[in-house]
Every structure is written in C-alpha cells, then in structure tokens.
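Report on the structure given below.
Only the coordinates and a few stated rules stand behind these numbers; no lab work does. All figures in this text were calculated on a predicted structure; none of them were measured in a lab. Cβ: placed from backbone, ideal geometry, glycine included. Neighbour counts: every protein chain shown.
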Amino acid sequence: MHHLQILAGIAFNPGIRGILVVGVGVAVLMGSVWLLLASNVGARLGMLLTLTGLFGWLTILTLTWWISPPAIGPRGNNGSWKPVEIYVNGSGSPKTIQVGGLADPSSLPTADEILADHPELAADYPNGFLLSDLAANNPTVLAEYIHSENMNGWSLVASSAAGESQAAADVALVNAGIFTGPTAYKKLNTWEYGGKPQREKECADTDAVCRAVFRVKLATTFKHPTHYAVVQVQKVVTQEAKPGEPPPLPKVDTSAPVYSVVLVRDLGNVRLIPFLYFLISVSLFVIFAWTLHNREKVLMKNKALAEVAKGA
C-alpha cells in the first residue's frame with residue numbers, strides 16, 4: 001500500500017512524470033537502436049554509431065529550429081519595447097536627442113479643426129478621434145494635415161498597430177508613480193522613428209525597379225537601425241458614474257501636461273538558444289564522426305599489415 005502511494009504521488013507531479021517519460025523514451029528508442037547495432041557490430045561500435053546518428057539527426061533538427069524558432073520549444077526572448085525616459089512636454093529638453101525633433105502636441109491639428117473641414121467623419125467617430133485613429137482608417141484625410149517631410153523622420157502609428165508600445169508605456173507610467181493606473185489618463189497619439197525601412201513607404205507598388213533595389217539594400221543591411229517609439233498621454237478629468245448608466249467616456253484635462261513615454265525597441269534574441277543547441281549538436285556529431293573515421297583508418301591499416309604478414 002505504501003508503494004502504491006509513492007507511485008500515485010509520482011504520477012501526480014507533472015515535473016517528475018515528465019522526467020520519467022523522457023527517460024523511458026530515451027531508453028526505449030535510443031536503447032533499442034543501440035541494442036540492435038550492438039548485437040551485430042559489438043557494444044562499443046554500436047554505441048559510437050548510435051551517438052553519431054543521434055547527433056546527426058539533432059543537427060538537422062536544431063538547424064530547423066535556428067532558421068524558424070518553434071513556438072513551443074527552445075527559443076530566446078521575443079522583441080519588446082523598453083522605456084528609456086518619460087518626458088513632460090514643455091518642461092525642458094528630452095534626454096533622447098531624436099525626441100527633440102518630434103512635433104509639439106499643441107502644434108498639431110485638433111479633432112474639432114479636422115471635423116470642421118470633414119464633417120462626414122462625425123458618423124465614423126461618434127465618440128471623437130485621435131490622429132492615430134485617422135492613420136488607421138482615413139490616411140488620405142490625415143495626409144492633408146500631417147506631411148512626412150515636416151516631421152523630422154517621425155511617423156504617426158495607427159491605433160490598431162500601437163498596442164504593444166502602448167502596453168509598455170502603461171507599465172512605465174505606473175512603475176514611475178506618475179499615475180495610479182491606466183484609467184487615470186488617456187492615450188493620445190503614438191509616434192515611431194528609425195528602425196528598418198518599410199517597402200510601402202519607400203517604393204510604390206507599381207515601381208518594380210525601386211522594389212528590387214529596396215530588397216537588395218534590405219538584405220545587405222546587417223545592423224538594425226535604432227527604433228524609437230513615443231506614446232503620449234494626458235490626465236483625464238475625474239467623473240462619477242451615475243447609477244444605472246454606463247461609465248462616462250474619459251475626458252482629457254486640457255490644463256494638464258502631456259507625458260511622452262520614450263521607448264526603444266529591443267530586438268530580443270529569439271534565435272540564440274536554438275543556435276547554441278545547433279552548435280552543440282554539430283560539434284558532437286563531428287567528434288563522433290571523426291572518431292568513426294579514425295577507427296576505420298586504424299582498422300584498414302591493421303588489415304593491410306595482416307595481409308602483408310600472411311603473405312610473408
């Protein structure tokens with residue numbers, strides 16, 4: 001009965017059960033191959049052949065992992081946005097030099113000004129909109145007010161594509177103690193600067209020559225240019241929800257300063273761990289294959305000497 005309780009405990013523990021499953025799998029699969037070879041060529045040569053074949057197969061497998069890291073398996077860290085500073089607009093110069101070329105939020109057109117020229121947008125945005133919203137759904141309207149040649153290399157990010165950088169900005173603002181939570185402020189526009197160039201911005205779809213040149217330039221660019229993002233937020237006015245009604249829409253406190261969270265892109269190291277696995281596997285494969293080669297050379301030399309001695 002006591003032994004049954006031990007077995008039940010082992011089966012319940014996922015870690016121990018996983019170790020046992022791997023151990024049994026190695027013993028059955030690799031052990032059966034070794035046993036078959038050992039019964040034909042001997043235990044030592046059979047072990048050498050088994051290990052050579054194993055690490056040859058692992059070399060192919062880890063090379064596949066290195067080229068295309070698996071979703072579940074050995075892989076490094078994914079790319080992410082890292083906060084470098086939180087800049088209060090109008091309170092001095094930012095530490096990040098590139099942010100100095102970003103347009104001041106007060107100089108940008110407001111939603112009311114755009115609505116005055118394009119009243120049809122009111123039906124699409126009944127709760128108001130930001131410039132980042134227009135970048136996603138109405139880029140032609142946005143192009144009338146935002147000209148890329150006047151933005152010093154900065155580009156507006158569509159709201160639908162800014163989720164990752166905005167999530168990183170939320171964490172940075174709360175950790176810095178500036179706000180108690182994401183409900184205390186409203187996200188304004190999100191901007192990006194640098195990074196690898198995008199074909200859509202460099203060449204038109206109909207320009208085949210430009211697209212071909214762009215692909216060559218992209219393939220020969222080994223160092224990734226530094227990629228920055230700026231998420232701008234502003235405090236909201238405190239509102240109380242009335243009983244039986246939905247929560248009120250957040251309203252920006254126009255008297256509060258605009259906070260710009262400066263982020264830099266960390267490219268991560270997704271392929272590092274698969275590369276290390278590949279390096280170990282190919283090294284062991286070469287060692288065992290070289291050992292087999294040397295053994296074969298010694299064997300052939302001894303056979304030749306035996307033939308000479310026999311003939312004499």
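Taking chymotrypsin sites (Phe, Trp or Tyr not before Pro) across region 175-257, the ones in a DSSP loop with at most 15 further Cβ atoms lying within 10 angstrom of their Cβ are PHE222.
In this structure, GLU245 and ILE178 have a Cβ-Cβ separation that, at R0 = 35 Å, corresponds to a calculated FRET efficiency of about 0.70.
Return, ordered by residue number, the residues of region 246-280 whose backbone nitrogen is under 19 Å from a label point located 7 Å along Cα→Cβ of VAL33. Answer for region 246-280: 277-280. The label-point distance for SER160 and LYS310, in a model that sets each label 7 Å from Cα toward Cβ, rounds to 7.9 nm. Our helix-only sum for the chain, with -39,500 (n - 2.57) per DSSP H run of n ≥ 4 divided by its residues, gives a mean residue ellipticity at 222 nm of -15000 deg cm²/dmol.
Lysine pairs, Cα distance under 28 Å, 8 or more residues apart or cross-chain: how many in region 112-237? Write out the running numbers ahead of the final one.
Working: LYS186/LYS235; LYS187/LYS196; LYS187/LYS201; LYS187/LYS235; LYS196/LYS217; LYS196/LYS223; LYS201/LYS217; LYS201/LYS223.
Lysine pairs meeting the criterion: 8.
The lysines within cross-link reach of LYS310, meaning a Cα-to-Cα straight distance under 26 Å and a gap of 8 or more places when in the same chain, are LYS297, LYS301.
Highest mean first, the peptides 164-175, 19-30 sorted by other C-beta atoms within 10 Å per residue fall in the order 164-175, 19-30.
A crude spin-label estimate for the pair VAL22 and LYS95, with each label 7 Å from Cα along the Cβ direction, gives 4.2 nm. If the segment from ALA122 to ALA208 were pulled out straight at 0.36 nm per residue, it would be longer than the present Cα-Cα gap by 27.1 nm. Taking only the Cα atoms of the chain, the ratio Rg/Rh comes out at 1.21, with Rh defined as the Kirkwood radius.
With the simple spin-label model, which puts each label point 7 Å out from Cα in the Cβ direction, the ASN294 to SER80 separation comes to 4.6 nm. The angle between the Cα long axis of helix 14-25 and the longest principal axis of the Cα atoms of the chain comes to about 40 degrees, rounded to the nearest 10. By the Kirkwood approach, averaging reciprocal distances over each pair of separate Cα atoms, region 217-262 gets a hydrodynamic radius of 14.7 Å.
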